[in-house]
Amino acid sequence: MSAPVTINVVVHATAVAEPFHDPHAAADETVGHLRTRVLQAFELSDDPSYRLQLDKKDLTDMTVTLGQLAGPGRSLQLKLLKQVTQGAS
């Protein structure tokens, strides 16, 4: 039996000094689940204005798997950003 496929995931956030790093994230983990884990690791609330980006593109489909995003490279460098709406309190 072969070992499960894993993805090396690093998520940077502007307001946090150290990035989130999971060198063994499951390839079948969804973007939505990863987002939840990252917010918890950074001790941030589950605010919809937080979004993950890959290559400056928002990841809006929370059902896409890390394996689908990483492809054969099995590595992801993501950013966590908070969308700020002017005039919002």
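For the stretch 1-37, give me each residue that is acidic (D, E) and in contact with a helix residue (DSSP H, G or I) (Cβ under 8 Å, 6 or more places away or on another chain). Result: D22, D28, E29. Test Q53 against the criterion of being in a helix (DSSP H, G or I), surrounded by fewer than 17 Cβ atoms within 10 Å (Cβ to Cβ) and under 13 Å from the mean Cα position of the chain (by Cα), and give yes or no. The answer is no for Q53. A residue that is surrounded by fewer than 16 Cβ atoms within 10 Å (Cβ to Cβ) and among the basic types (K, R) cannot be found anywhere in the stretch 13-36. Among the hydrophobic types (A, V, I, L, M, F, W, C) and farther than 12 Å from N8 by Cα - does that describe any residue in the stretch 64-75? Yes: the stretch 64-75 contains one or more residues that are among the hydrophobic types (A, V, I, L, M, F, W, C) and farther than 12 Å from N8 by Cα. For the stretch 1-35, residues that are assigned to a loop (DSSP other than H, G, I, E, B), free of Cβ contacts under 8 Å to residues at least 24 places away in the same chain and under 19 Å from P72 (Cβ atoms) total 3.
Read-outs: derived from the displayed coordinates by stated rules, not from any lab. Here the structure is a predicted model, which means the values were calculated and not measured. Every residue, glycine among them, receives a Cβ derived from its backbone with ideal geometry; neighbour counts consider all protein chains shown.
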